[in-house]
Amino acid sequence: MVVPNARRLVLTGGSALHQTKAEDPRLSQVFRRFVIIDSEREKAALLKQLTNPTRPTVLGFLNAHAVNLCWSQPASRQAFEKADILLRDGAGMAILCRRLGLGPGLNMNGTDFIPEILAARPGRRIALFGSEPALVAKASETLTGRGQDIVGALDGFQPPQRYVDEARRLHPDIIVLSLGMPRQEQLAATLRQELPHPCLIINAGALIDFIAGRVRRAPPILRRLGLEWAYRLLNEPVRLFHRYVIGNPLFLVRVHLLAAAAKRGDGQAPGPAAPSPGRSPVNGMPAGGKRRRRAIVSARETA
């Protein structure tokens with residue numbers, strides 16, 4: 001997807017702290033789909049494109065947990081690589097961007113941005129897949145009460161083919177997946193390949209639980225400080241212990257390794273590369289002269 005003036009983060013093979021025999025940069029293809037949105041104007045342009053796809057299109061979100069999964073699990077990494085666009089979710093990715101010499105842009109977390117997508121074009125047919133049966137039913141009821149057209153709601157305990165069959169039957173314009181990482185990303189990749197009609201497939205994490213009221217948002221001040229993860233950990237310590245207590249320090253170590261690899265690269269400071277021609281995979285629009293490719297950081301992944 002081409003978002004006018006937005007930046008992409010690309011890791012290129014300038015040097016490596018540690019290279020495999022295949023010299024395969026571990027996160028390069030994931031980061032090629034990571035888009036930094038710098039302004040409300042760019043956000044509006046992205047919203048317009050997302051609500052007018054011409055083929056099955058996958059929107060995902062990249063946070064510290066996602067990076068950890070992609071780093072250590074090849075199957076998870078391959079699923080994230082099949083997204084059309086990945087947006088920054090949370091303070092962890094802001095730290096990573098800054099360590100690589102890039103402004104982090106807006107925090108495009110799905111809990112805030114996805115409801116804007118759902119409300120952007122009234123009358124769009126929406127399917128909800130994920131969470132527990134009672135919660136997805138409650139979320140469907142809540143969204144219907146907001147005037148949105150929920151054409152289907154299916155819990156998150158079905159085999160992949162069931163979701164494919166249901167999406168083919170319902171023909172939704174938007175599919176919201178709340179199955180948790182990396183299962184939702186893997187299902188999104190399958191839907192993207194199997195569905196014959198244009199639609200937006202959103203990897204939404206715990207959004208259905210939030211809408212249904214099972215999970216509460218952190219107070220606004222904690223969100224502004226980038227501490228919503230701490231609030232969620234306090235409320236769900238058992239479920240989220242490994243993700244945050246173990247995962248966050250591990251993520252910071254990996255950020256350090258990425259930054260060190262970039263520093264040992266070809267010596268070029270991160271910055272916007274020259275525009276290059278291309279077409280958006282979503283709507284075929286040309287990449288205009290104002291388009292900036294995301295900053296290129298010369299780095300290879302470590303083991």
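No value in this document is a laboratory result; all are computed from the given coordinates. A quick note: this is a predicted structure, and the numbers were derived from the prediction, not measured. Because the Cβ atoms are built from the backbone with ideal geometry, glycine has one as well, and the counts that use them run over all protein chains shown.
Taking the three principal axes of the alpha carbon atoms in region 28-86, the coordinate ranges are 35, 26, 16 Å, sorted in descending order.
Taking amide hydrogens as placed 1.01 Å from N in the peptide plane, the amide H of Arg55 sits under 5 Å from those of Cys199, each at least 5 positions away in sequence or on another chain. Only the Cβ atoms of Lys and Arg (+1) and of Asp and Glu (-1) were treated as charged; on that basis the dipole of region 23-212 about its Cα centre amounts to roughly 320 debye.
Ordering Tyr163, Tyr231, Tyr244 by the number of other Cβ atoms within 10 Å of each residue's own Cβ, fewest first, gives Tyr231, Tyr244, Tyr163.
Applying both filters, DSSP loop and at most 12 other Cβ atoms within 10 Å, to the trypsin sites (Lys or Arg not before Pro) of region 185-222 gives Arg216.
Non-local amide H neighbours of Asp155 (under 5 Å, H modeled in plane, Pro and chain starts lacking H): which ones? HN-HN under 5 Å from Asp155: Gly130. Applying the Kirkwood pairwise sum to the alpha-carbon positions of region 83-169 produces a hydrodynamic radius of 15.2 angstrom. Set the Cα radius of gyration of region 23-212 against 2.2 N^0.38 Å, with N its number of residues, and you get 0.98.
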